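The values are calculated or read from the model by the stated rules, or taken from the named source; none is laboratory data. Since we're looking at a predicted model, the values are computed, not measured. We place every Cβ from the backbone using ideal geometry, glycine too, and count neighbours over all the protein chains shown.
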Amino acid sequence: MKGFVGLLAVSLLTAAMAETKPLESATTGVSLRVPAGFEGDYDADFGGYVLQKGQTRLGIFAYSEGTVQETALAVSTALEQAGIEINYDHEPRYTEKGVFEAYPGRFENQPIALHICAVRGGEGNTFSAVAMAPKGSEASLKSLVESLCRSVQWSMPTGRQWARLFWGRRLTAAGSASNYSQGGAGNYGSYASGTTETYDFCRNGQYAYDYHSESFMSIEGMSASSTNADNHNGQWWLVVDIGGKATMLMDATDGRSFEFHTREQGEGVAMGNTHFTVSQSQRCY
């Protein structure tokens, strides 16, 4: 009889596992099983997995590093950019276990219930799940989201190693343009411009940025020139999300903050819409 009970338990567990789907992200060091019935995929613009089962929508996020507060803010921002209105009727309560909160909201002009959780692993990586459904689904959303945050398996995120590719490197983007035209009656004009943009990334997390541009214009013997420059420095770090999308984050000492989608492009690196060549930095290692 005991053997039969044990066999039945194993069979039920195997059946339950078969209904769920594994979701593994080596770059963020998280793995979990997606609840049965949820279908969807990673959305690079959203920054996470977008899944749906019936009227319940589920978002799954993870990052190679960060804090619970930073993760909750990133997820909330992604939701708002997707057109989801969240009514923050109370301040989030952060504990050693993470944050687990429920809020009312609206989506597509309909009232919704929303539940979010965010937790941090031992390697400094983070995970978050958020679920929403028509108002009245609060209990089921709470169970769904909290079970995901409490069942995450953690490992060392491989995305953390990507930052090492920038240690002691200078990124340079340079461009130039010129034009000459000659019209009737001896009229003529010319234009020339050049720009140089560099980033130096140091192993200690510091960076320095320099930008310089010059332009010259001449029309019928009259000329004018202009220059433009910008520079800042501060702290940098590279964060990779659950889909492998890398974002360069920079906090400048002058109070400005910057973030750029960062990826390999040809023989160099693209940050945002700018392509950079890579060389050894003379400022730091």
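Of everything in segment 251-274 that's touching a residue at least 24 places away in the same chain (Cβ under 8 Å) and closer than 15 Å to Arg169 by Cβ, which residue is surrounded by the fewest Cβ atoms within 10 Å (Cβ to Cβ)?
Gly268
What tally of residues in segment 208-257 results from selecting those that are touching a helix residue (DSSP H, G or I) at 6+ places or on another chain (Cβ under 9 Å), over 30 Å from Gly59 (Cα atoms) and at pLDDT 95 or above? Lay out the reasoning, then the answer.
Of the residues in segment 208-257, the ones touching a helix residue (DSSP H, G or I) at 6+ places or on another chain (Cβ under 9 Å) are 220, 236-241, 244, 246, 248.
Next, only the ones that are over 30 Å from Gly59 (Cα atoms) stay: 220.
This time we only want the ones that are at pLDDT 95 or above, so: none.
Number of matching residues: 0.
With the structure loaded, tell me whether Gly124 is out of contact with any His (no Cβ under 9 Å at 6 or more places or on another chain) and on the phi > 0 side of the Ramachandran plot or whether it fails that test.
Spelling it out, Gly124 is indeed out of contact with any His (no Cβ under 9 Å at 6 or more places or on another chain) and on the phi > 0 side of the Ramachandran plot.
Within segment 234-252, is there a residue that is assigned by TED's automatic domain parsing to the domain that holds Ala208, more than 27 Å from Met156 (Cα to Cα), charged (D, E, K, R) and not in a strand (DSSP E or B)? Working first, answer last.
Initially, segment 234-252 is screened for residues assigned by TED's automatic domain parsing to the domain that holds Ala208, giving 234-252.
From what's left, more than 27 Å from Met156 (Cα to Cα): 252.
Restricting the remaining residues to those that are charged (D, E, K, R) gives none.
No: segment 234-252 contains no residue that is assigned by TED's automatic domain parsing to the domain that holds Ala208, more than 27 Å from Met156 (Cα to Cα), charged (D, E, K, R) and not in a strand (DSSP E or B).
Mind counting the residues in segment 26-41 that are part of a strand (DSSP E or B) and surrounded by 21 or more Cβ atoms within 10 Å (Cβ to Cβ)? Steps first, answer last, please.
Filtering segment 26-41 for residues part of a strand (DSSP E or B) gives 30-34, 39-41.
After this cut, where a residue has to be surrounded by 21 or more Cβ atoms within 10 Å (Cβ to Cβ) as well, the list is 30, 32.
Qualifying residue count for the region: 2.
Which condition number does Asp45 fail, the rest of (1) outside any helix (DSSP H, G or I); (2) at pLDDT 95 or above being met?
Just one mismatch for Asp45, condition (2).
Restricting to segment 253-263, name every residue that is more than 19 Å from the chain's Cα centre (by Cα) and within 16 Å of Phe201 (Cβ to Cβ).
To start, the set of residues in segment 253-263 that are more than 19 Å from the chain's Cα centre (by Cα) comprises 253-255.
Within segment 253-263, just Thr253 meets the criteria.
Tell me, please, whether a residue that is modelled with pLDDT of 95 or more, closer than 25 Å to Ala139 by Cβ, crowded, with 19+ Cβ neighbours inside 10 Å and under 14 Å from the mean Cα position of the chain (by Cα) can be found in segment 98-110.
The answer is no; no qualifying residue exists.
Is it true that Tyr207 is outside any strand (DSSP E or B), among the aromatic types (Phe, Trp, Tyr) and in contact (Cβ under 8 Å) with a residue 12 or more places away in the chain?
Values: outside any strand (DSSP E or B): no; among the aromatic types (Phe, Trp, Tyr): yes; in contact (Cβ under 8 Å) with a residue 12 or more places away in the chain: yes.
Spelling it out, it is not the case that Tyr207 is outside any strand (DSSP E or B), among the aromatic types (Phe, Trp, Tyr) and in contact (Cβ under 8 Å) with a residue 12 or more places away in the chain.
Here is a list: Ala173, Ala131, Ala163, Ala113. Which entry is buried (at least 19 other Cβ atoms within 10 Å of the Cβ), at negative phi and in contact with an Asp or Glu (Cβ under 7 Å, 6 or more places away or on another chain)? Quick ask: steps written out before the conclusion?
Numbers: Ala173 fails: buried (at least 19 other Cβ atoms within 10 Å of the Cβ); Ala131 fails: in contact with an Asp or Glu (Cβ under 7 Å, 6 or more places away or on another chain); Ala163 fails: in contact with an Asp or Glu (Cβ under 7 Å, 6 or more places away or on another chain).
Only one candidate passes the filter, namely Ala113.
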